[in-house]
1. Please determine, by comparing only the residues of region 82-100 that are closer than 15 Å to Arg56 by Cα and under 8 Å from the mean Cα position of the chain (by Cα), which one is surrounded by the fewest Cβ atoms within 10 Å (Cβ to Cβ).
2. Where the second residue is of a type in the set (S, T, N, Q) and assigned to a loop (DSSP other than H, G, I, E, B) and the first is closer than 18 Å to Asp152 by Cα and lies in region 63-82, which pairs have Cβ atoms under 8 Å and are six or more apart or on separate chains?
3. Filter region 120-157 down to residues that are assigned to a helix (DSSP H, G or I) and either acidic (Asp, Glu) or at pLDDT below 95 (or both), then give me how many there are.
4. Could you grab the pairs with beta carbons closer than 6 Å, sequence gap of 6+ or different chains, first residue in region 155-171 and under 15 Å from Asp96 (Cβ atoms), second one assigned to a helix (DSSP H, G or I) and among the acidic types (Asp, Glu)?
5. Out of all the residues in region 13-57, which are more than 16 Å from the chain's Cα centre (by Cα) and polar (S, T, N, Q)?
6. Out of (1) crowded, with 17+ Cβ neighbours inside 10 Å; (2) under 20 Å from Arg45 (Cα atoms); (3) modelled with pLDDT of 95 or more; (4) of a type outside the set (Phe, Trp, Tyr), what's the single condition that is false for Ala61?
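The values are calculated or read from the model by the stated rules, or taken from the named source; none is laboratory data. Note that the coordinates shown come from a computational prediction; the quantities given were computed from them, not determined experimentally. All Cβ positions, glycine included, derive from the backbone under ideal geometry; neighbour counts span all protein chains shown.
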Amino acid sequence: MDETEFWELVDSTREAAGGDPEDHADLLVERLVRLDPESVLDFSRHFESRVNRAYRWDLWAAGAVLLGGASDDAFDSFRCWLIGRGREVFEGAVHDPDSLAGLLGSFDEELDGDGEELGYAADEAYEQLTGVLAPDLGLPPQPGEPEGTPLDLDDDAALATRLPMLWERYGS
């Protein structure tokens, strides 16, 4: 599976789910089990490499603004949700997290921002296909610290300064 196929699968299942992250994950599993196990692992590699790529202080700050705070687990789920929003949103957010102010339409804290189930979709599909747990993907581990300049995620003034457009639209 190449990068284009990865994003097509993410986009088509998101659209079919109407944007609901849990339905998106369910549809993604349904689509993945139609593939061979190696393609599912390829999908997982694409997904996990993007989760690691998004491990950045400025994206964590964006998650904190949108979610009203973001623990380690919430940030993990937020990164999965960003991938689920598709290539344009994900790449835009990685390049400039403040651009999420324009890339996202409405943001519902109860529905949006939590893509935890998306993060498990490939593993679930692989297990359904093979009856065994997915093997190690052979990817480098997530860095010990996020990339970029650390931010105090509890400091509203720092968040507003770093992400002015996002703060204006979604901040407390």
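1. Phe90
2. Qualifying pairs under 8 Å: Gly68/Ser172.
3. Number satisfying all stated conditions: 4.
4. Between residues of region 155-171 that are under 15 Å from Asp96 (Cβ atoms) and residues that are assigned to a helix (DSSP H, G or I) and among the acidic types (Asp, Glu), the close pairs are Leu163/Asp98; Met165/Asp98; Leu166/Asp98.
5. Answer for region 13-57, where residues must be more than 16 Å from the chain's Cα centre (by Cα) and polar (S, T, N, Q): just Ser39.
6. Here Ala61 meets the rest and fails (2).
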